[in-house]
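See structure below.
The values are calculated or read from the model by the stated rules, or taken from the named source; none is laboratory data. Since the model is a prediction, treat every value here as computed from it, not as a measurement. Positions of Cβ are generated from backbone atoms using ideal geometry, with glycine treated the same way; all protein chains shown enter the neighbour counts. SASA here: full protein model, heavy atoms, side chains in, ligands and nucleic acids out. Shrake-Rupley method; radii C 1.70, N 1.55, O 1.52, S 1.80 Å.
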Amino acid sequence: MTNVPSPTFGPLGFIAPTEAEVLAGVQADIDQAFGGGVNPDLETPQGQLATSQAAIIGQTNNLFVEYANQVDPAFADGRMQDAIARIYFLTRLPAAPTAVQALCTGLPGVVIPVGSRARASDDQLDASTEDGTIGAGATPLYRPPAADGMKRAAAWPARASAVQRPAS
């Protein structure tokens, strides 16, 4: 028998014990295994062993919580969401491409060549689809479709001092 608390299933689904509760249970198990009186300090070898075991159990519980949540369409994502959809003979539509216009301002005469790469605020890399030269005002440039079909503000090369989406 162990002192580590077990997960429970309740009205809200799988409920895992906290990692503090798991650690206390592992420490009690180690203490019992060695006949009692073991120093519970986490800086000791047995404390390090208890911490590692509690972390492993906690990670396993977290993984199971994630997996249990995947059978609920409200929380599912990726392959599990696709699997739930297949039960109802649904398939996910592929991403629809879009092009977003960005206005580049900076030193007049600076050429921004086709294929210039920029990192968007969501950390996705994009590239311009046509050449452009920064003029006295703002120079419109386009970027290719995003993989997920979503529009987003662009961040163009360092040669452009400012980039903004024009008002529609």
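Would you be able to say whether some residue in region 11-20 is touching a Ser or Thr at 6+ places or on another chain (Cβ under 6 Å) and not acidic (Asp, Glu)? Looking through region 11-20, at least one residue is touching a Ser or Thr at 6+ places or on another chain (Cβ under 6 Å) and not acidic (Asp, Glu).
When you scan region 23-50, how many residues do you find that are on the phi < 0 side of the Ramachandran plot and either open to solvent by 60 Å² or more (accessible area, probe 1.4 Å) or of a type in the set (A, V, I, L, M) (or both)?
Quick first cut of region 23-50, residues on the phi < 0 side of the Ramachandran plot only: 23-34, 38-50.
If we keep only those that are either open to solvent by 60 Å² or more (accessible area, probe 1.4 Å) or of a type in the set (A, V, I, L, M) (or both) too, we end up with 23-24, 26, 28, 30, 32-34, 38-43, 45, 48-50.
Number satisfying all stated conditions: 18.
Which residue is farthest from the chain's Cα centre (by Cα), if the candidates are limited to region 1-22 and must be of a type in the set (A, V, I, L, M) and open to solvent by less than 50 Å² (accessible area, probe 1.4 Å)? Write out each step before concluding.
To start, the set of residues in region 1-22 that are of a type in the set (A, V, I, L, M) comprises 1, 4, 12, 15-16, 20, 22.
Then drop every residue that is not open to solvent by less than 50 Å² (accessible area, probe 1.4 Å), which leaves 4, 16, 22.
Working: 4: 30, 16: 22, 22: 26 Å.
Within region 1-22, the match that is farthest from the chain's Cα centre (by Cα) is 4.
Taking the stated definitions as given, is residue 96 assigned to a loop (DSSP other than H, G, I, E, B) and at pLDDT below 80? For residue 96, the condition - assigned to a loop (DSSP other than H, G, I, E, B) and at pLDDT below 80 - is met. Residues of region 76-89 that are closer than 26 Å to residue 64 by Cα, open to solvent by 100 Å² or more (accessible area, probe 1.4 Å) and not hydroxyl-bearing (Ser, Thr, Tyr): 79, 86, 87.
Out of 35, 58, report the one residue that is in contact (Cβ under 8 Å) with a residue 12 or more places away in the chain and of a type outside the set (Phe, Trp, Tyr). Write out each step before concluding.
Working: 35 fails: in contact (Cβ under 8 Å) with a residue 12 or more places away in the chain.
The unique qualifying residue is 58.
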